[in-house]
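Below is one structure, written out as structure tokens; comments come after it.
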Amino acid sequence: MLKHLSYKLLFVVSVFFVVSCSSTKEAAKSKKGTTSAAKKPTKKPSKNDIQPYGKVITKDAKSDEGLFTVHTLDENFFYEIPDSLFDREMLMVTRISKTASGLGFGGGKQNEQVLRWQKKGKKVILRVVSYNVFAADSLPVNEAVKNSNFEPVLFTFPIKAIGKDSTSTVVDVTPLFEKDVKSLGLPNFRRRPYKVTRLESDKSFIESVKSYPKNIEARHVKTYAAGAPPSNSSTGSISIEINNSMILLPENPMKRRYFDERVGWFTSNQTDYGLEDQKSKTLEFLDRWRLEVRDEDLAKFNRGELVVPKKQIVYYIDRATPEKWRKYLKQGIEDWQVAFEAAGFKDAIIAKDPPTIEEDPEWSPEDVRYSVVRYLASPIPNANGPHVSDPRTGEILESDINWYHNVMTLLRGWFFVQTAAINPDAQSPQFKDEVMGRLIRFVSAHEVGHTLGLPHNMGSSVAYPVEKLRDAAFTQEFGTAPSIMDYARFNYVAQPGDEGVALMPDIGIYDKYAIAWGYKPILNKSAEDEKPVLNQWIMEHAGDPMYRFGHQQIGDIHDPSSQTEDLGDDAMIASDYGIKNLKRIVPNLINWTTEAGEDYDDLQEMYGHVLSQFRRYMGHVSNNIGGVYEHHKAADQQGAVYTPVTKAHQKRAMKFVQDNLFNTPDWLIEKTILDRIEYSGSVERVRGLQVRTLNNIMSLGKMQRLTEAETFNGNDAYKLTEMMRDLRQGIWSELRNGRRIDIYRRNLQRAHIDRLGYLLTAENQRKAPAFGGYQKSTAVNTSQSDIRAVVRAELKTLRSQLRSARGADSMSRIHIADALERIDAILNPNG
């Protein structure tokens, strides 16, 4: 108390002293006649000071109410942020909306991050929030996680004004979109290939900023100085239109469902430091829509009756979609209702026309409340089904399917080349509307599957024996694959006489199973407690190929039973049927693709599809060589996850490639077609087909896997030395039989020598999973593996055989002499 009084007394004395001094100074000034009273200097307002609301948001401003009120004044954009939304998480999705040729594609996602708006003094701070690492608030480790996961500042804004009712804050966001904020513009991985150096501000501008109840959409054009632009190189720059979509995340997060690699799913993940495990653990959970049972329907659901979910998945068809295609797009969407019935829901997914402009002038496909099939007048021959999900839980918040007009070009080419041999509806370059409509429905259903959370299931199509694909009753019941999410396009196996056979997949057994596994509610259990139930659902179908999930593979294909575009359980049998159909199509190409008075563009296009389809067959077959089957299992399941392809199967694959591709495919070199579409190029085209497959067989990954298989399986394995011998004897068979070596074979043989030369100096290959785990490569230390030794031995053996060979004609002899020179140069590079 005494201490408190002494402080108080000291304060009074201090105040008195200040006042006395001030009075003395004022008295002195008065005596000098300079002033009779104290005048406080007026502080000049700073541009960063908080201004009255009316001075910032004038009557000339155009205001757009929504998540934030967006005010546009001249060329400046202001956010009026409700105080209630400070510190709420918002997801910012950056996409390319318009792009130059060769630079991504419209709708392509560039970045995704969680943001948090915070108010600090006279500033508003925009921070980036990471959910990559986590620990519950109640745990002591939470503080350590926060300290090692500090939220970086993306941008700061001076507060311009306080809202009229003092419950909102106004900031000028123009610089956020005008400046080069990399996470909101062109990301580094896009900049590097084009040698982007800087943003050209004078050629960049904001197109629009629009506010909706749960999201804000900002579009801005960015022009970058670039040393190697992919198009319009004379400008020395690239211009793109970026769309930044900022979405308010749910205040009440959805319950997660944890991922299992035995069922394919798009996922989100988080490293949790708060678990009992003696290490940090990455938790992976499904991206899925929030489908919940209404309280009044719980009893019905528990009795096994189908119920309508609290909130349905609704897709609107873009107003720009041609009228004649709309019903087919809708059918593709609602085809998934049968899969959701397996999860206990009826009418879980529905398709609607959007309201007309007169009915609702405010309706917009950019409003996050609406998922829309966007019809884009673009030359891109594609369609894709991206989605936006809450990184905390995986809840899908919205999805817009991008439907590019020219996807019909792809459909026409695929359907023609894969079914025209048996299908009159495909024997012309222009299909009837009902035929194209059925194809659109098929692709629509496939893309909707992606938006529901399902990735490609490339392991689905091998579930069916090849011969069953010629069975009308079987294919009408089961389609051409158990999953529409496989790239089992159309039935190229079916032969003339197989009337009534199905030509494409529908929503299949696997699709119903996967949707049920991901969406069927497990009531009154936590996400962790759901795991045994989910595992049991998988175990009920363990070992059944109908329920198998196989990853999409890119690059080094190791599992031949999980390939894109294939059909059936045996690539050699299926491809043989496919080639027979191509041989039926080629003689009819001119008749089926031309009309009087028209040019040969359709002929050239369809001949190109024939070549591409033939190349696919060779890939399907050659990937069996050095192949390893991958069947994911949990620890409580018997058997291996990885099993090498049998020796006999690999040798069949080698013989198939030799017989159908390395022996010149004369049926493909149709002079009457080539005379009409090109003045040169046929020899080079065949060479390209052969070299692509040859290099695939002689890839580092396949060769390394052959050496490893021999290590574990001995004589039961297809040895690397045996594979290389079979390859050499087939490619150079003329050295034994003394036949003339034609130009196609000469090119192939030179390619064989070139590949052997490459392998002697090839750099190490790292085991580097990428692209979400889909792209994998086998690790190879080339200098210390058996590969170089085997290759060197092959070159010496081939040289010996060439020395003993006698060419059947002068060109063959010239070729043999040249081949010897090439091998000598490889083995003795210094002469």
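For GluC sites (Glu not before Pro), the sites in the stretch 302-380 that DSSP calls loop and that have at most 12 other Cβ atoms within 10 Å are Glu305, Glu358, Glu359, Glu362. The HN-Hα couplings worked out from phi for the stretch 445-457 by the Karplus form 6.51 cos²θ - 1.76 cosθ + 1.60 (θ = phi - 60°) are 4, 4, 5, 4, x, 4, 5, 7, x, 8, x, 5, 10 Hz, whole numbers, x standing for Gly and Pro. Under the simplified labelling scheme, the Val221-Asp754 pair shows an inter-label distance of 4.4 nm, with each label point 7 Å from Cα along Cα→Cβ.
Each Lys or Arg adds one and each Asp or Glu subtracts one; over the other residues with Cβ under 13 Å from the Cβ of Ala228, this totals +4. Under a 5 Å amide H cut-off, with hydrogens placed 1.01 Å from N, Val368 pairs with Lys214, Asn215 among residues at least 5 apart or on other chains. Give the angle, between 0 and 90 degrees and rounded to the nearest 10, that separates the Cα long axis of helix 571-585 from the longest principal axis of the Cα atoms of the chain. Helix 571-585 sits at roughly 80 degrees to that axis. Farthest towards the positive end of the charge dipole of the chain, among the residues Thr782, Gly550, Met723, is the Cα of Thr782, using unit charges on the Cβ of Lys, Arg, Asp and Glu.
Extending 7 Å from the Cα toward the beta-carbon at both Phe712 and Lys324 defines two label points whose distance is 5.6 nm. From most to least packed by mean Cβ count within 10 Å, the peptides 631-640, 618-627, 284-293 give 618-627, 284-293, 631-640. What shape does the stretch 252-549 take by its C-alpha gyration tensor, where a ≥ b ≥ c are the square roots of the eigenvalues and a/c under 1.5 counts as rounded, a/b above b/c as prolate, and the rest as oblate? Oblate, since a/c reaches 1.5 and b/c is not below a/b. Highest-first packing order for the peptide set 687-695, 447-455, 776-784, 169-177 is 447-455, 169-177, 687-695, 776-784, based on the mean count of other beta carbon atoms within 10 Å. Placing +1 on the Cβ of every Lys and Arg and -1 on the Cβ of every Asp and Glu, with no other charges, gives the stretch 252-549 a dipole of roughly 240 debye about its Cα centre.
Computed about its Cα centre, the charge dipole of the chain is approximately 3920 debye, with only Lys, Arg, Asp and Glu carrying charge at their Cβ.
Overall form of the stretch 61-249: oblate. Here a/c, set by the Cα gyration tensor axes a ≥ b ≥ c, is 1.5 or more, and a/b is not larger than b/c. Net length available on complete extension from Arg739 to Asp601 is 45.8 nm, with 0.36 nm assigned per residue and the Cα-Cα distance removed. Ranking Asn491, Gly394, Met246 by Cα position along the charge dipole of the chain, where only Lys, Arg, Asp and Glu carry charges on their C-beta atoms, puts Met246 farthest toward the positive end. Shown here for the stretch 385-463: trypsin sites (Lys or Arg not before Pro) in loop regions (DSSP other than H, G, I, E, B) with at most 16 other Cβ atoms within 10 Å, namely Lys432. For Leu611 and Ala377, the FRET efficiency from 1/(1 + (r/R0)^6), where r spans their Cβ atoms and R0 equals 45 Å, is about 0.95. Count Lys and Arg as plus one, Asp and Glu as minus one, and take only other residues whose Cβ is under 12 Å from that of Ile125; the net charge is then +4. Among the listed pairs Lys311/Lys346; Lys255/Lys310; Lys346/Lys525; Lys300/Lys520, which are separated by more than 18 Å between their Cα atoms? With Cα atoms farther than 18 Å apart: Lys346/Lys525. When the charge dipole of the chain is built from unit charges on Cβ atoms (+1 for Lys and Arg, -1 for Asp and Glu) and taken about the Cα centre, the candidate among Gly518, His609, Leu694 whose Cα reaches farthest toward its positive end is Leu694.
Round to a whole angstrom and tell me the spacing of the C-alpha centers of the stretch 612-664 and the stretch 419-446. Centre-to-centre distance over Cα atoms comes out at 31 Å.
First measure r as the distance between the Cβ atoms of Ile522 and Lys109, then evaluate 1/(1 + (r/R0)^6) with R0 = 22 Å and state the FRET efficiency to the nearest 0.05. Rounded to the nearest 0.05, the efficiency is 0.10. Counting only Cβ charges, +1 for Lys and Arg and -1 for Asp and Glu, the dipole size of the stretch 61-249 around its Cα centre is about 560 debye. Under 5 Å from the amide H of Phe155 lie the amide H atoms of Leu126, each residue being 5 or more positions distant or on a separate chain, with H modelled from the backbone and absent for Pro and chain starts. If the segment from Ala817 to Asn252 were pulled out straight at 0.36 nm per residue, it would be longer than the present Cα-Cα gap by 195.7 nm. Which residues does a label at Thr643 reach in the stretch 423-463, if reach means a backbone N under 19 Å from a point 7 Å past the Cα toward the Cβ? Residues 458-463 fall inside that zone. Rounded to the nearest 10 degrees, the inclination of helix 509-519 to the longest alpha-carbon principal axis of the chain is 20 degrees. Spin-label pair Gln801-Lys98: with each label point 7 Å from Cα along the Cα-Cβ axis, the two points sit 6.0 nm from one another.
Ranked by the mean number of other Cβ atoms within 10 Å of their residues, highest first, the peptides 229-240, 529-540, 502-513 come out as 502-513, 229-240, 529-540. In sequence order, the stretch 411-424 has phi-based couplings of 4, 4, x, 5, 5, 4, 6, 9, 9, 4, 4, 10, 10, x Hz under the Karplus curve 6.51 cos²θ - 1.76 cosθ + 1.60, θ = phi - 60°, and Gly or Pro positions carry x.
Fully extending the segment from Glu358 to Arg584 would add 76.0 nm, taking 0.36 nm per residue of separation and subtracting the current Cα-Cα distance.
Since every read-out is calculated from the coordinates, none of them should be taken as a lab result. Please read all numbers here as calculations on a predicted model, not as lab measurements. Here the Cβ is made from the backbone with ideal geometry for all residues, glycine too, and neighbour counts use every protein chain on show.
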